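The values are calculated or read from the model by the stated rules, or taken from the named source; none is laboratory data. Just so you know, these numbers come straight off a predicted model, no measurement behind them. Note that each Cβ is placed from the backbone with ideal geometry, even for glycine, and that neighbours are counted across all protein chains shown.
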Amino acid sequence: MAGVLLATLPDLPVPPLEILASGDRVVIRVPGKDPLPLFAQGQRIAGFKVSVSCQLDSAGVYLAIYESTYDLLAEVDRGPLLRFHYRRYQQSEPSAHIHVHGHRGALSHLLSQTGHETPHEMAALHLPVGGSRYRPCLEDFIQFLICECQFDAEAGWRAHVDAGRERWRLRQAGTVARDAPEEAARVLRELGYQVTTPDPVPAAALKALRNW
């Protein structure tokens, strides 16, 4: 994570992240209270924070992300503008979602008509973005900052983002195959692989497949 940040965004402190142990979890985060800087044409105009908490999965075999947050913050008051948030064991909200901190009259008016508790706070909405398996990764957030927001970037940043995103999606593909082994076997057979069905047949992870 620290490597892809340093290879893509300019003038970050070294190291940009710290690793802490917290009970049965490992937390990777921006050290201290200050966000990491974001520049446009060499001028610092915003900041961002990264925080990822990891622990062993329910089988005790693979390291899984328990919670992650990627925040874009205003430089003026350090208040959040956008938050990409994931929490593995979420119940009442989408496990992966985006908060937009802003205001738009038409949306506020619509929410007030539906009886929403906070119709004037867009940040109260949790915009779903694919759940546990298909949520945005850090590389998606970095490319969003560079391409959509047009913050300054290091030369050659795209190759690092592409490589990191490929690694992420390959890991997720393996996880999805464990969630739906029969479907994974069916697709592999269609591609010409010889797949032997074990006895007993592994059950699909319905919670992972249905989770919001």
Log entry, pairs with first residue in segment 150-168 being in contact (Cβ under 8 Å) with a residue 40 or more places away in the chain, second being in a helix (DSSP H, G or I) and not aliphatic (A, V, I, L, M), beta carbons closer than 7 Å, six or more apart or on different chains, reads 153/8; 154/8; 157/8; 160/8; 161/8; 161/139; 161/143; 164/139
Just to be sure, is residue 83 modelled with pLDDT of 90 or more, among the charged types (D, E, K, R) and under 25 Å from residue 122 (Cα atoms)? yes
Residue 97 fails exactly one of the following numbered conditions: (1) more than 25 Å from residue 128 (Cβ to Cβ); (2) in contact with a His (Cβ under 6 Å, 6 or more places away or on another chain). What is the number of that condition? (1)
If I ask for residues that are among the β-branched types (Val, Ile, Thr) and under 20 Å from residue 163 (Cβ atoms), which ones from segment 1-38 would you list? 4, 8, 28
When restricted to 44, 29, 88, the only residue over 30 Å from residue 207 (Cβ atoms) and free of Cβ contacts under 8 Å to residues at least 60 places away in the same chain is 44
Which numbered condition in (1) small (Gly, Ala, Ser); (2) in a loop (DSSP other than H, G, I, E, B); (3) at pLDDT 90 or above is the only one that residue 102 fails? (3)
Tell me, which helices (runs of 4 or more DSSP H) wholly within segment 122-189 include 3 or more residues that are among the hydrophobic types (A, V, I, L, M, F, W, C)? 138-143, 157-179
Just give me the residues in segment 40-87 being among the β-branched types (Val, Ile, Thr) and not in a strand (DSSP E or B), in sequence order. 61, 76
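Taking segment 83-130, which residues are loosely packed, with under 12 Cβ neighbours inside 10 Å and over 24 Å from residue 47 (Cα atoms)?
Listed by number, the residues that qualify are 89, 91, 92, 105, 106, 109, 113, 114, 115, 117.
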